[in-house]
Amino acid sequence: MPVSPTPTKPATASRTTWTDTPKCPRVQPELLAKADFHRCSKALTAKGQDTAPCDWYRRVYKSLCPISWVQKWNDQLEAGNFAGKI
């Protein structure tokens, strides 16, 4: 009888996944949505395209985040020290 290969984890991990290990600190999905919105807007604006497709990210972070978080992140963006890469 042939030996079946050992099952492995599927390669479906994306950059929006997170773990609680010390080398990979937990990232808030709301923060990722905020960063994704700004990355999307920046990329489409640079191409001269409409940024309407990016509104989905805005709706996600605005529906998940307390207003105080959004304001704090906006202040960080203006100051140039936002935690996410944009």
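No lab work stands behind these numbers, since they all come straight from the coordinates. Here the structure is a predicted model, which means the values were calculated and not measured. A quick note on method: Cβ atoms are made from the backbone with ideal geometry, for glycine too, and the neighbour counts reach across all protein chains shown.
Each label point was placed 7 Å from the Cα along the Cα-to-Cβ direction; for GLN49 and LYS72 their separation is 3.3 nm. According to the square roots a ≥ b ≥ c of the eigenvalues of the Cα gyration tensor, what is the shape class of region 29-79, taking rounded for a/c under 1.5, prolate for a/b larger than b/c otherwise, and oblate for the remainder? Oblate, because a/c is 1.5 or more while a/b does not exceed b/c. Shown is the FRET efficiency for LEU64 and ILE86, computed with R0 = 22 Å from the Cβ-Cβ distance and rounded to the nearest 0.05: 0.75.
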